[in-house]
Amino acid sequence: MTARSTDTKQEIIRIGKSLIRMYGYNAFSYADISKELNIKNAAVHYHFRGKEDLLAGILDNYMEEYQQLGKHLQASSLTALQKLEKFIERYSTLAECNCICIIGSVASDYNTLPESVKEKTTQLIGLAVSMIEKILLEGKRKGELHFEESARTRTLLLLTNLAAGVQLARISGKKDYDAIRKAAISQLK
């Protein structure tokens with residue numbers, strides 16, 4: 001019974017992530033999740049009392065993924081540019097499946113989010129910024145990457161370009177995202 005319960009909870013998070021990346025936080029309901037899983041709404045509420053709790057679980061899941069990615073990149077022997085490209089792969093995958101990033105999606109609904117979820121959103125953004133900033137500083141120190149502004153400013157430029165690029169790709173196609181991605185990388189060489 002516990003394994004099924006855990007599997008259901010993970011499936012709810014997976015579907016919730018997908019719906020947020022496709023439609024945004026305010027544009028889906030528990031009914032969408034229960035229909036997808038062929039379960040009752042009460043089963044979704046069993047794992048997540050309310051939508052705020054589900055979003056908190058989704059953001060926690062993303063933070064775990066970013067922490068794992070950060071540890072993996074830090075422990076690897078990849079160059080700073082290769083590490084950046086590994087990070088950027090996440091956005092490229094989103095552009096390919098016509099989705100937007102969780103940060104971009106939640107940011108559009110930010111003013112309507114409960115305070116507890118706003119805090120988690122801020123933590124997630126801080127985690128992503130910190131990871132990229134470390135890679136940029138490492139690359140600059142080793143002479144692998146070149147930029148004039150602070151590492152934080154370059155990080156913010158990179159993240160906003162990627163987030164906007166995946167949103168733009170929904171309208172104009174993946175080729176525009178690819179152009180943005182390539183330009184962002186070439187600016188660092």
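Check every one of the helices (runs of 4 or more DSSP H) wholly within region 1-108 and list those with 2 or more residues that are of a type in the set (D, E, K, R) and either in contact with a helix residue (DSSP H, G or I) (Cβ under 8 Å, 6 or more places away or on another chain) or over 22 Å from LEU137 (Cβ atoms) (or both). Steps first, please.
Working: elements: 2-23, 30-37, 41-47, 51-75, 80-96, 102-108.
Qualifying helices (runs of 4 or more DSSP H): 2-23, 30-37, 51-75, 80-96.
Condition check ((1) within 28 Å of SER18 (Cβ to Cβ); (2) of a type in the set (Ser, Thr, Tyr); (3) free of Cβ contacts under 8 Å to residues at least 24 places away in the same chain; (4) touching a Gly at 6+ places or on another chain (Cβ under 8 Å)) across all residues:
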| position | (1), (2), (3), (4) |
| --- | --- |
| LEU113 | yes, no, no, no |
| THR122 | yes, yes, yes, no |
| LEU127 | yes, no, no, yes |
| GLU148 | no, no, yes, no |
| ALA169 | yes, no, no, no |
| LYS174 | yes, no, no, no |
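Could we say that VAL117 is surrounded by 15 or more Cβ atoms within 10 Å (Cβ to Cβ), closer than 18 Å to LYS51 by Cα and in contact with an Asp or Glu (Cβ under 7 Å, 6 or more places away or on another chain) here?
Values: surrounded by 15 or more Cβ atoms within 10 Å (Cβ to Cβ): yes; closer than 18 Å to LYS51 by Cα: yes; in contact with an Asp or Glu (Cβ under 7 Å, 6 or more places away or on another chain): yes.
Yes; evaluated as a whole, the condition is true for this residue.
In region 141-167, which residue that is of a type in the set (A, V, I, L, M, F, W, C) and in contact with a Phe, Trp or Tyr (Cβ under 8 Å, 6 or more places away or on another chain) is surrounded by the most Cβ atoms within 10 Å (Cβ to Cβ)? Quick ask: steps written out before the conclusion?
As a first pass, look at region 141-167 and keep what is of a type in the set (A, V, I, L, M, F, W, C): 145, 147, 151, 156-159, 162-164, 166.
If we keep only those that are in contact with a Phe, Trp or Tyr (Cβ under 8 Å, 6 or more places away or on another chain) as well, we get 162-163, 166.
On the way: LEU162: 25, ALA163: 19, VAL166: 27.
For region 141-167, the residue satisfying everything is VAL166.
Read-outs: derived from the displayed coordinates by stated rules, not from any lab. Model, not experiment: these values are computed from the prediction. Every residue, glycine as well, gets a Cβ built from its backbone with ideal geometry; the counts of neighbours run over all protein chains shown.
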